[in-house]
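The values are calculated or read from the model by the stated rules, or taken from the named source; none is laboratory data. All values reported here derive from a predicted model rather than from experimental measurement. Don't worry about glycine lacking a Cβ; one is built from the backbone with ideal geometry, like all the others, and counts go over all protein chains shown. The protein model used for the area step is the full one, side chains on, heavy atoms only, and it has no ligands, DNA or RNA in it. Shrake-Rupley method; radii C 1.70, N 1.55, O 1.52, S 1.80 Å.
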Amino acid sequence: MVSHAHRRVPDGDPHPLGSHVGPDGVNFSVYAQGADRVELLLYDGVDGDEPARTIAMEQTRYYWHARVPGVRPGQIYGYRAHGAHQPARGLLFDGDKVLLDPYGRAVAVPSDYRREAAVAPGRNDRHAFKSVVVDAGDYDWEGDAPLRRSFAQTVIYELHVRGFTRHARSNVAEQRRGTYAGVIEKIPYLQDLGVTAVELLPVFQFDWQRAPANLTNYWGYAPVSFFAPHAGYGVGSEPTSALDEFRDMVKALHRAGIEVILDVVFGQTAEGGRNGATLSFRGLANAGYYILDGDTREHADYSGTGNTLNANSSVVRRMILDSLRYWVAEMHVDGFRFDLAAVLTRDETGHPLPNPPVLWDIETDPVLAGTKLIAEAWDAAGLYQVGSFIGDHWKEWNGEFRDDVRSFVRGDPGMTPRVAERVLGSPDLYGKRPRHAEQSINFVTCHDGFTLNDVVSYDHKHNEANGEEGRDGHGDNRSWNHGVEGPTDDPDIEALRNRQVKNMLALTLLSFGAPMLLMGDEVRRTQLGNNNAYCQDNELSWMDWRLLERHGDIHRFVRELIRLRFLRDSVRLAPVLTLADLREQANVEFHGVRLGQPDFTHPSRSLALSATSLSGDLRMYYAINAWTQPLEFELPPAPRTLGWRRVLDTFLPTPDDICQPDRADAVTT
């Protein structure tokens, strides 16, 4: 097919950005400040060597636009931006490269996609990602809407779309394994477990080739689009298949009462630094999208990926807000977890701002008013804002909860007063201003780090398979192998590991705050000591469904724990309480082995507390012992109705380790 360069069409409009279908064609608009010329490329197919039509776009200040009659949804397109290539000025225009539309709603992936073709000199049409024209309103939601469950009623399950069902033993049809459709098939499992929300690792279209040689970027923290669902998680062959399949998944999860939270990446892209790949943003307006060093104009790196988006510039702020609104309004998601959210507080020089505009924009946006907003309140350059993240809408991943619970359960000294704070929702971190108890997202494991099984099975990380000679991954894991590094057949060690797993699960699910579980922890999934499996798209990272039988006792324990959690009426009423008055109204009191005498000294490794439900009809007593030997705890006076009932004891074997109150054994004081 011969291209027709510089073909003239009606001028079009600079607003809205992206491609938008009208009655007589499609309006295209893209931001490309500093470009001398921008061309719209229309392709007959994703694998084409060259476009069928090349259209010269008109300019209105920083925006280039064209209205093309006759174009319909499904049209594959891209851009070329011509201009100066002067790295010392922050300009990286390359008129040979096909560029994705930053506002494109779907991405077409060529059968022979090659990241290196976007790095090397010359044309890359055949090997480049391309955008697809989409009519986002062309979908029947059948009355679906976000669920808007309160955080007090939420139990989050962090899930990788591909890894959840990719394993051959998932009992999912082969063509659906590792897809949005595969998740739908496993909804009954999620319902039975009792979780109320799935937090999906990145589903924005990402570059899986942004990884060490011969490995795959599995986690997906390498976005190339902030509007398009990842095509690789779709079943269908059409470029827009993933769009509808993602929405099918959301609709099905909502019907099951399960919310959908997206792990979103707005701090970086897959393009990398100066010598990286020209996929979209750097080829359109490098200095507008990224934070650049003031002297060298090199890409600043506060995200650990070679670049950092300039989130508080006007163009990136608008793109982030438009993306979030789109995923709520058109894709019906219930909330977002912001990866390395502290990076969004940095200005164009990289310095933290006291009142970052982009975060206040998100905080106060009316479209986002009912959504869940969760911050990972740190970044890769050492900025740590747990307990001090701005605004009232945001909840925070509580890294202090993870570290302190691991250390306490391991038996480290000096942790008893710290774990007392974590159990109460971390008032030491969040009590300085009125905050709900669920300000803290409590977790002991997540995708980044050891699985729960590996926390109790390894003293050290084992990341050699990642190709970085073990240098990658965090070195402070607060783990303990209990005598053997890795798997063992020793029944005593296995029994102790099992008990420690239960201890950490119980602390996570019964503490004040919103709990989060990592996919597979309920069946002791292992990564064989790899604590940075971002590039392991294989059985090391996938959910191994055979473990459901092997560790069915842990699965049952988690299911019963979640049921116990929802017995508390404070869970239903907590949205009206703050950390300042929760302890008083729930009548929380700390103890040691003797009533009213908590031991917060450095050698202490035990804690007890009592609490009363807000309605007064349920009294709870927790005794937590991290000593290596048994301790006897003095019980408070027995409740008048049933007396004390032992509903949870991790020292006992299943099924006696946990049961519901009406079936629990009586305990005498």
query = How much of the calculated P(r) for segment 433-511 lies past 19 Å, in percent of all Cα pairs?
reply = 47
note = GLU363 neighbourhood, Cβ < 15 Å, K/R = +1, D/E = -1, net charge +2
note = Heavy-atom accessible area of segment 1-136 with neighbours in place, 1.4 angstrom probe: carbon+sulfur share in percent works out to 48
task = Leaving ligands, DNA and RNA out of it, rank ASP112, ASP662 by accessible area with a 1.4 Å probe, largest first.
result = ASP662, ASP112
query = Which distance in nm do the two modelled labels at ASP656 and GLN629 give, with both placed 7 Å along the Cα-to-Cβ direction?
reply = 2.3
Table column - 3J(HN,Hα) (Hz), segment 640-652, Karplus curve with 6.51, -1.76, 1.60, x for Gly and Pro = 6, 7, 8, x, 6, 10, 7, 9, 8, 8, 6, 6, 8
request  = Please return the longest stretch of the chain lacking exposed loop sites, where GluC sites (Glu not before Pro) count only if DSSP places them in a loop and at most 12 other Cβ atoms lie within 10 Å.
outcome  = 143-468
key: For the chain, share of DSSP beta bridges that run antiparallel, in % to the nearest 5   = 65
query = Taking the Cβ of LEU548 as the center, what net charge do the other residues with Cβ under 14 Å away carry, scoring Lys and Arg +1 and Asp and Glu -1?
reply = +2
Where the chain is the region considered: accessible area per residue in Å², 1.4 Å probe = 38
note = In this structure, the FRET efficiency calculated for GLU549 and SER150 from their beta-carbon separation, with R0 = 41 Å, to the nearest 0.05, is 0.70
ask   = Projected area of segment 297-442, taken from the Cα convex hull and averaged over every viewing direction, in nm²?
value = 10.1
request  = Heavy atoms only, probe 1.4 angstrom, no DNA, RNA or ligands counted: give me THR578, THR165, THR654 ranked by accessible area, highest first.
outcome  = THR654, THR578, THR165
request  = Measure up LYS372/LYS461; LYS395/LYS502; LYS186/LYS502; LYS130/LYS395; LYS461/LYS502; LYS372/LYS432 against 28 Å on the Cα-Cα distance and list the ones that go over.
outcome  = LYS372/LYS461; LYS130/LYS395
note = Counting only DSSP beta bridges with both partners in segment 282-426, the antiparallel fraction in percent, to the nearest 5, comes to 35
query = Debye sum, Cα scatterers, the chain, no solvent: what log₁₀ I/I(0) at q = 0.05, 0.06, 0.11 1/Å?
reply = -0.25, -0.36, -1.10
request  = Compute the length gained on full extension between VAL367 and ASP11: take 0.36 nm times their separation in residues and subtract their Cα-Cα distance, giving the result in nm to one decimal.
outcome  = 125.0 nm
ask   = How about segment 1-91: which trypsin sites (Lys or Arg not before Pro) there lie in a loop by DSSP and see at most 12 other Cβ atoms within 10 Å?
value = ARG8, ARG61
ask   = Local charge sum around GLU494 (other residues, Cβ-Cβ under 12 Å, Lys/Arg +1, Asp/Glu -1)?
value = 0
key: Length released on extending from ARG169 to ARG559, taking residue separation times 0.36 nm less the Cα-Cα span   = 138.2 nm
request  = Starting from segment 455-556, pick out the trypsin sites (Lys or Arg not before Pro) whose DSSP state is loop and whose Cβ has at most 14 other Cβ atoms within 10 Å.
outcome  = ARG471, ARG546
query = Once label points are set 7 Å from the Cα along Cα→Cβ at both ALA638 and ALA120, what is their separation, rounded to one decimal in nm?
reply = 8.0
remark   = For ARG325 and ARG594, extending 7 Å from Cα along the Cα-Cβ vector and measuring point to point gives, in nm, a value of 6.4
Value at 222 nm in deg cm²/dmol, rounded to 500, when DSSP H runs of n ≥ 4 in the chain each add -39,500 (n - 2.57) = -6000 deg cm²/dmol
ask   = Quick one: length gained pulling ALA88 to ALA56 fully straight, 0.36 nm per residue minus the C-alpha distance?
value = 8.7 nm
note = If R0 = 51 Å, then ASN355 and LEU540, at their Cβ-Cβ distance, give a FRET efficiency to the nearest 0.05 of 0.75
